[in-house]
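J.: Okay, handing you the structure first.
Bear in mind these aren't lab numbers, they're just calculated from the coordinates by the rules spelled out. What you see is a predicted model, and the numbers here were worked out from it, not measured in a lab. Virtual Cβ from ideal backbone geometry, glycine too; neighbours counted across all protein chains shown.
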Amino acid sequence: MNYLAEDFGKRFGILLAITVITGLAMWGFEFTDYAIDINENGFGGDHDGEREREGGEGPEGIGVLIYILPLVKISAMTLVPAAIWVWVSKLVNRKKTA
Amino acid sequence: MTTAATPSSTEKNKSGWQYSMIKTRWVWDLVLLVSFVIVSIPQSTGLAIHEWASVVFVVPFVIHLILHWDWMKNLPATFVQKLKASDRFNIIWDAALYFMMIFVTFSGFLASEVIFVQLGIDLEVLPFWQKLHHDSSNWILPMLGIHLALHWDWIKKATKKMRK
């Protein structure tokens, strides 16, 4: 764990500086025409699902799936690209060595 | 009365994962992955847990970066050297993922509907930040998948070490 403590302040400071600079740059987007348009007209999506959970009720009829479906969604969105990547890179490597 | 540690007990004490760099990285990466899953399912956890867990998530995220600091520190030097295209891509991808993570976190705080209210801070939530948070948090999932795929060999190697 010494490694973690070593230069922690310096490393944390660098990360914090990058994060703050990036955050400030991001704030600039708020003043673009695109952002102004969305703020005026909305984007048609909100956190309905989350709000329903806050109220203690999920969408009607799906019961326990309210807990499983988001997990399935994030697993699929993460693991499918990962699997494709591994598969394609293996194919490429096999062609290179052939 | 003091008990002197015998060499064997000292050795035994130092066999924990925290004494091995690769094992420490593996454990913290696992903590990071589990926290990432928790913060990525607001539909299941509800907004309050999602937002507060996101605050806590910053800790394993920072530790992940610090534990892989040497790799990051060598990026500029190694990038200009003769590297394989895949290594160069890996470097660019990790940097993009880092900035995307900042993007998601920052837009998430500006779209926060619970934390600021609970803290008594009056912050108007703009639809723009909600959209940006929604879109970027969807994009980060395939980006993370490819990040894991790019480091798959290291993950396998570290997992094997953990089993020993």
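J.: Rounded to the nearest 0.05, what FRET efficiency do A:V92 and A:F12 have when you use their Cβ-Cβ distance and R0 = 45 Å?
T.: Calculated value: 0.70.
J.: Within 10 Å of each Cβ in peptide A:82-95, how many partner chain Cβ atoms are there on average? Round it to a whole number, please.
T.: Counting Cβ atoms of other protein chains within 10 Å of each residue's Cβ and averaging gives 3.
J.: So, in nm, how far is label B:W52 from label B:V125 when the simple model puts each one 7 Å beyond its Cα toward the Cβ?
T.: The modelled label-to-label distance comes out at 1.7 nm.
J.: Using a 10 Å cut-off around each Cβ of peptide B:123-129, what is the average number of partner chain Cβ atoms that fall inside?
T.: Mean inter-chain Cβ contacts per residue within 10 Å come to 5.
J.: If you don't mind, there's one more thing I want to ask. Whole-Hz ³J(HN,Hα) for each residue in the stretch A:82-98, computed from phi via Karplus 6.51 cos²θ - 1.76 cosθ + 1.60 with θ = phi - 60°, x for glycine and proline: what do you get?
T.: Listing the rounded values in order: 5, 5, 4, 4, 4, 4, 5, 5, 5, 4, 4, 4, 5, 5, 5, 7, 5 Hz.
J.: Put a dot 7 Å past each Cα toward the Cβ at B:N74 and B:T159; how far apart are the dots in nm?
T.: 2.4 nm
J.: Also, I was wondering about something else. Taking θ = phi - 60°, what integer Hz values does the Karplus form 6.51 cos²θ - 1.76 cosθ + 1.60 yield along the stretch A:22-27, in sequence order, with x for Gly and Pro?
T.: 5, x, 5, 5, 5, 4
J.: OK, next. Would you mind computing, in nm to one decimal, how far apart the modelled labels at B:A85 and A:Y67 are, each placed 7 Å from Cα along Cα→Cβ?
T.: Taking the two extended label points, one gets 4.7 nm.
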